[in-house]
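J.: I'd like to ask some things about the structure below.
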Amino acid sequence: MPTLVIANKLYSSWSLRPWILLRQLGIPFEEVLIPLDQPDTKARILALSPGGTVPILIDEGATVWESAAIMDYAHERWPEAGVWPKDRIARAVARSVSGEMHAGFRGLRAACPMNLGKVFAARDRGPDVERDVDRITAIWRDARKRFGAGGPFLFGAFSAADAMFAPVVTRFISYSIPVDPDTRHYMDAVIGTAAFQEWKDAALKETWVVAHDEPDEPVVTDLRPNRPGKT
């Protein structure tokens, strides 16, 4: 059985992407979690991958790192699972917007690190974040309008494109970023998947704290108010 190596579910956006894809599509795997910011974190990851980052997929002699590479490997390894849309044009668009997500939106990433444990107060987060939010929601609207007739996700059925944007959905929620009703409908579809609910339930039980992913700003809701102390 394949092994997927990930980091903290509360914070690791890159780990969430292949995990939610494989789980939602019913592709079985074993999970190994290496918590971030521990004395042995780097050594444990390097022992499994020369890239020194998670996620890592290990499968029948293949070691694949980087979320996008894992998704493409999954498409080749399990071609009937529906990793990418079947339609050629839809698949081209899905890969393009996923690539844009993989390489871009640094303003949003820097200002709003993934944190499933808290909801922060809404505020003006600057022009870089505003520009990223505008572009992301435009991508979602266009995909839903052109290809979303078959279901509630970007290309109808859940695919790698939705997995790539899943951490962005969580950021919009965690940082109280206002969106239009259609965008919220799509976001609700993503967080309503069984895979995401499983991930979030596990995330909220974690006890680790990664300081640089804990912004010093007003909190509306703390979803882990009784968590144990830092480890």
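The numbers here are math on the coordinates, done by the rules we state, and not lab data. Keep in mind that this is a model prediction, so the values were computed, not measured. For neighbour counting, all protein chains shown are included, and Cβ atoms are generated from backbone atoms with ideal geometry for every residue, glycine included.
J.: Setting aside same-chain residues fewer than 8 positions from Lys145, which lysines have a Cα under 24 Å from its Cα?
T.: List returned: Lys86.
J.: Separate question: For the range 1-84, what is the charge dipole size about the Cα centre, in debye to the nearest 20, if Lys and Arg each add +1 at the Cβ and Asp and Glu each add -1 at the Cβ?
T.: For this selection, approximately 240 debye.
J.: Can you check what the net charge comes to around Phe153, using other residues whose Cβ is under 9 Å from the Cβ of Phe153 (Lys, Arg +1; Asp, Glu -1)?
T.: 0
J.: Take every DSSP beta bridge whose two residues both sit in the chain, then give the antiparallel share in percent to the nearest 5.
T.: 75 percent
J.: Could I ask something else about it? Relative to the present Cα-Cα distance, how much length would full extension add between Asp128 and His185 at 0.36 nm per residue of separation?
T.: Working it through step by step, the gained length comes to 18.1 nm.
J.: What distance in nm separates the simple spin-label points at Arg135 and Asp59, each placed 7 Å from Cα in the Cβ direction?
T.: With each label placed 7 Å out from Cα toward Cβ, I get 3.0 nm.
J.: Would you list, by chain and number, the lysines whose Cα falls below 16 Å from the Cα of Lys205, excluding same-chain residues fewer than 8 positions away?
T.: In chain and number order, the partners are Lys9, Lys118, Lys230.
J.: Report, in whole Å, the centroid distance computed from the Cα atoms of the range 77-91 and the range 1-76.
T.: Taking the Cα centre of each part, the range 77-91 and the range 1-76 sit 21 Å apart.
J.: Can you pull the semi-axes for the range 3-77, root of five times each eigenvalue of the Cα gyration tensor, sorted largest first, whole Å?
T.: Ellipsoid half-lengths, sorted descending, are 20, 14, 10 Å.
J.: Within the chain, which is the longest segment that contains none of the trypsin sites (Lys or Arg not before Pro) sitting in a DSSP loop with at most 15 other Cβ atoms within 10 Å?
T.: 1-85
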